[in-house]
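Input: a single structure, listed below in structure tokens.
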Amino acid sequence: MPHDIVPVTPTAFARYLGICVRPDCFGFVVIEDTIALDCGVRACERKGATACLSQQFERILRMYVPTAVIILATGSGEAKTRRNGISGAIAGLTKGRGIPVVRFRASSLKKHFRQFDAETKYEIALAVARILPELAWRLPPKRKAWQSEVRRTSIFEAAAAVIAHAKL
């Protein structure tokens, strides 16, 4: 008796691509349901950074085909102009593929993480590592006041934006 082949209907899933944009780099995280699939930081030299970062983002977009992209932009002043150029290019690439873009503010992020008693970037990163244990090994050390921020902090900010948006 031949085996009947039953077509399998894929279950609905949510795959979010979280992006934290900086003037010369972006941190990203890909989260499917409640699991972090991938994360990293992509950086380029300042001259031509927008075009370079756009290409790197497009590769990530093609690889993971997210259901939504959540963009968190941080910083102010002159950096804001460069960051807005990168955010605009990312949003353009995403919308061109019909993927919804959600822009998230740092103030909304902090408000969401107050429920976890997390006020500082480090405390928010700890909360993210508890929610997404796959990211714990990338947790940056607690920063001293005189130290520069470690670039991989942007991974946790991107993940925090996804968590706040998706209410994970």
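It is to be established whether one or more residues within the stretch 136-145 are surrounded by 14 or more Cβ atoms within 10 Å (Cβ to Cβ), in contact with a helix residue (DSSP H, G or I) (Cβ under 9 Å, 6 or more places away or on another chain) and not in a loop (DSSP other than H, G, I, E, B).
yes
So if I check each of Leu168, Leu61, which one is farther than 19 Å from Thr34 by Cβ, in contact (Cβ under 8 Å) with a residue 12 or more places away in the chain and touching a strand residue (DSSP E or B) at 6+ places or on another chain (Cβ under 8 Å)?
None of the others qualify; the one that does is Leu61.
I'm trying to understand the selection: among the residues of the stretch 83-100, which are in contact (Cβ under 8 Å) with a residue 12 or more places away in the chain and either part of a helix (DSSP H, G or I) or aromatic (Phe, Trp, Tyr) (or both)?
Selection gives Arg83, Gly85, Ile86, Ser87, Ala89, Ile90, Ala91, Leu93, Thr94.
No lab work stands behind these numbers, since they all come straight from the coordinates. Note that the coordinates shown come from a computational prediction; the quantities given were computed from them, not determined experimentally. Ideal geometry is used to build each Cβ from the backbone, glycine not excepted, and the neighbour counts take in all protein chains shown.
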